[in-house]
1. In segment 305-324, which residues are surrounded by fewer than 18 Cβ atoms within 10 Å (Cβ to Cβ) and at pLDDT below 95?
2. Kindly indicate which of 118, 151 is surrounded by fewer than 21 Cβ atoms within 10 Å (Cβ to Cβ), touching a residue at least 12 places away in the same chain (Cβ under 8 Å) and under 15 Å from the mean Cα position of the chain (by Cα).
3. Being surrounded by fewer than 21 Cβ atoms within 10 Å (Cβ to Cβ), touching a residue at least 60 places away in the same chain (Cβ under 8 Å), assigned to a strand (DSSP E or B) and over 20 Å from the mean Cα position of the chain (by Cα), is that true of even one residue in segment 333-343?
4. Would you confirm whether any residue within segment 200-219 is out of contact with any strand residue (DSSP E or B) (no Cβ under 7 Å at 6 or more places or on another chain) and closer than 29 Å to residue 341 by Cβ?
5. Would you confirm whether any residue within segment 146-165 is modelled with pLDDT of 95 or more, within 17 Å of residue 185 (Cα to Cα) and in contact with a helix residue (DSSP H, G or I) (Cβ under 7 Å, 6 or more places away or on another chain)?
6. Looking at 174, 162, can you tell me which residue is in contact with a strand residue (DSSP E or B) (Cβ under 6 Å, 6 or more places away or on another chain), assigned to a loop (DSSP other than H, G, I, E, B), within 23 Å of residue 337 (Cβ to Cβ) and touching a residue at least 40 places away in the same chain (Cβ under 8 Å)?
7. Do we find that residue 124 is in contact with a helix residue (DSSP H, G or I) (Cβ under 7 Å, 6 or more places away or on another chain) and either surrounded by 23 or more Cβ atoms within 10 Å (Cβ to Cβ) or under 29 Å from residue 234 (Cβ atoms) (or both) in this structure?
8. When residue 370 is evaluated against the numbered criteria (1) in contact (Cβ under 8 Å) with a residue 40 or more places away in the chain; (2) crowded, with 17+ Cβ neighbours inside 10 Å; (3) more than 30 Å from residue 270 (Cβ to Cβ), which criterion, by number, is the only one it fails?
């Protein structure tokens with residue numbers, strides 16, 4: 001099974017069976033060993049907005065949800081994954097590749113041809129256990145990657161259950177910023193008694209003025225702006241307890257928007273997190289802080305229209321317990337805050353101030369590869385405006401996820 005699918009299972013604190021993180025379908029092919037792996041998942045969801053809180057909040061996760069119950073069929077935070085990987089040993093180097101596609105379940109209309117599809121991974125690696133490995137290609141970003149891989153809703157739905165995109169949001173935007181899937185060149189050290197570090201240059205994102213006259217937002221590939229990302233972690237297993245502690249960071253100079261004078265063109269953020277598992281109990285804590293990095297997605301609403309950086313921070317706490325039936329139950333709460341600047345007046349007062357979500361979930365291993373999932377979530381958004389500045393919704397979901 002390819003690296004990120006393994007991490008999605010093993011690091012999510014919801015690996016309901018250790019065997020679910022084993023390799024997929026292994027095929028010897030001459031000098032190569034091929035690995036076909038992935039997951040299939042689908043959820044039925046029900047979402048209802050609060051009757052009294054109907055504020056329109058720019059960047060609010062709960063904004064715009066109907067007070068009527070909306071039902072939907074969708075993939076969860078993980079889309080379907082079909083990955084093909086290969087490994088070989090050549091000239092004293094471990095060489096590998098991964099290419100994957102991610103079709104979705106949600107359909108936007110009749111005639112059945114309107115499901116989304118992502119192409120998240122296409123990378124190669126080479127290295128040796130004595131000195132580490134180098135990755136070249138497109139894969140999960142470095143900053144905040146452990147935050148999403150430790151999120152229990154990774155195997156479920158979380159926020160945005162009523163959306164029709166390829167995936168839901170999980171806890172993205174209500175506890176951490178999305179790591180995203182980025183073109184990159186990275187180096188990872190060998191595992192040194194549990195310690196490991198990664199340094200990377202990744203594709204930078206550009207900015208444009210928002211049509212809502214509130215923010216500068218990201219539009220994709222930057223003009224000569226490289227992002228620099230890194231992380232360090234320590235994994236431990238002693239005295240019946242196992243877990244991981246990590247820190248990561250990102251910095252990028254924005255290419256800027258013509259005609260705007262920036263107070264600081266370098267956006268940056270850092271985080272710290274830890275999880276520990278002992279005697280069936282699991283506990284995760286995470287915190288991030290940045291300036292110009294925005295909220296929910298990297299560089300989304302990170303600057304005002306006058307080029308002033310907005311500060312942001314947030315985090316989440318999560319607790320899980322494995323019952324004697326091997327069913328895992330969990331609860332988590334998280335929040336993402338975005339500060340306003342002195343330029344955020346008038347229409348900009350409708351900018352999101354905070355998104356928060358609490359959620360509970362039940363995850364049952366029907367077989368060693370197939371898990372049944374039920375979740376309930378409450379999502380709240382608040383803007384910087386005075387008066388009617390809040391929006392809220394509740395959602396539930398039922399479904400299943402299969403790893404192979």
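1. Passing the criteria: only 306.
2. Working: 151 fails: surrounded by fewer than 21 Cβ atoms within 10 Å (Cβ to Cβ).
On inspection, the qualifying residue turns out to be 118.
3. Scanning segment 333-343, I find no residue that is surrounded by fewer than 21 Cβ atoms within 10 Å (Cβ to Cβ), touching a residue at least 60 places away in the same chain (Cβ under 8 Å), assigned to a strand (DSSP E or B) and over 20 Å from the mean Cα position of the chain (by Cα), so the answer is no.
4. Within segment 200-219 (the criterion being out of contact with any strand residue (DSSP E or B) (no Cβ under 7 Å at 6 or more places or on another chain) and closer than 29 Å to residue 341 by Cβ), the answer is yes, since at least one residue qualifies.
5. No, there is no match, as no residue in segment 146-165 is modelled with pLDDT of 95 or more, within 17 Å of residue 185 (Cα to Cα) and in contact with a helix residue (DSSP H, G or I) (Cβ under 7 Å, 6 or more places away or on another chain).
6. On the way: 162 fails: within 23 Å of residue 337 (Cβ to Cβ).
When all the criteria are applied, what remains is 174.
7. no
8. Going through the list (1) in contact (Cβ under 8 Å) with a residue 40 or more places away in the chain; (2) crowded, with 17+ Cβ neighbours inside 10 Å; (3) more than 30 Å from residue 270 (Cβ to Cβ), residue 370 breaks only (1).
The values are calculated or read from the model by the stated rules, or taken from the named source; none is laboratory data. All figures in this text were calculated on a predicted structure; none of them were measured in a lab. A quick note on method: Cβ atoms are made from the backbone with ideal geometry, for glycine too, and the neighbour counts reach across all protein chains shown.
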